[in-house]
Amino acid sequence: MSKPWPPPPDLESLKQLFAEADVESLIADDCPIDEYDPEAKHFFDLTKGWKSEQFTSEHTLPVLIKLFEEQFPNQKPDGLAKQKQLAQQIERFFGPEAKPQVRTS
């Protein structure tokens with residue numbers, strides 16, 4: 001039996017996307033790579049059960065904005081732009097138009 005495509009977000013993939021987004025530039029400032037794991041887990045929990053049609057930037061960005069406002073009340077000036085990029089990446093990997101991805105080393 002084949003699995004539906006796209007697959008729902010898995011926590012490990014979200015952790016990687018959140019770390020790559022580095023919304024608050026914490027990893028760039030030498031914080032550990034797992035710095036955003038709690039935010040990724042929170043997003044994962046909030047969106048569990050969403051259908052792929054809901055993983056669009058339009059739907060995920062408000063969730064990300066609220067999540068980061070709660071965790072980082074004094075956001076950096078480019079935080080919103082990075083949140084938008086993160087929402088686009090989530091859509092790219094898990095949204096309705098997602099294509100199979102091949103990760104490279």
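Estimated from helical segments only, the mean residue ellipticity of the chain at 222 nm is -16000 deg cm²/dmol, where each DSSP H run of four or more residues counts as -39500 (n - 2.57).
Pairs of alpha-carbon atoms within less than 8 angstrom and 6+ residues apart define the contacts here; what relative contact order does the chain have, in percent? Normalised by residue count, the contact order of the chain is 36 percent.
The GluC sites (Glu not before Pro) of the range 35-101 that DSSP puts in a loop, and whose beta carbon has at most 14 other beta carbons within 10 Å, are E97.
For the chain, the longest principal axis of the alpha carbon atoms and the long axis of helix 79-94 meet at an angle near 20°. Sort out the exposed loop trypsin sites (Lys or Arg not before Pro) in the chain (DSSP loop, at most 14 other Cβ within 10 Å) and tell me the longest stretch that has none. That gives 52-102 as the longest site-free run. From the Cα gyration tensor of the range 11-94, with a ≥ b ≥ c the square roots of its eigenvalues, which class applies: rounded if a/c is under 1.5, or else prolate if a/b is larger than b/c, or else oblate? Verdict is prolate for the range 11-94. For the range 57-77, the residues whose amide N sits under 19 Å from a probe point set 7 Å from the Cα of A28 along the beta carbon direction are 65, 68-69, 72-77.
Run the numbers for E69 and E97: contour at 0.36 nm per residue of separation, minus the present Cα-Cα distance, in nm.
Details: separation 28, 0.36 × 28 = 10.08 nm, distance 2.84 nm.
7.2 nm is the gain from fully extending E69 to E97.
For the chain, the longest principal axis of the C-alpha atoms and the axis of helix 37-47 are separated by about 40°.
Within the range 1-67, which chymotrypsin sites (Phe, Trp or Tyr not before Pro) sit in a loop by DSSP and count at most 15 neighbouring Cβ atoms inside 10 Å? Could you put the intermediate results ahead of the total?
Numbers: sites: F18, Y36, F43, F44, W50, F55; in loops: Y36, W50, F55.
Here the chymotrypsin sites (Phe, Trp or Tyr not before Pro) that fit, given the DSSP loop and packing criteria, are W50.
Values in this text are rule-based calculations from the coordinates and carry no lab data. This is a predicted model, so every value here is computed, not measured. Heads up, the Cβs are rebuilt from the backbone with ideal geometry, glycines too, and the neighbour counts pull from every protein chain shown.
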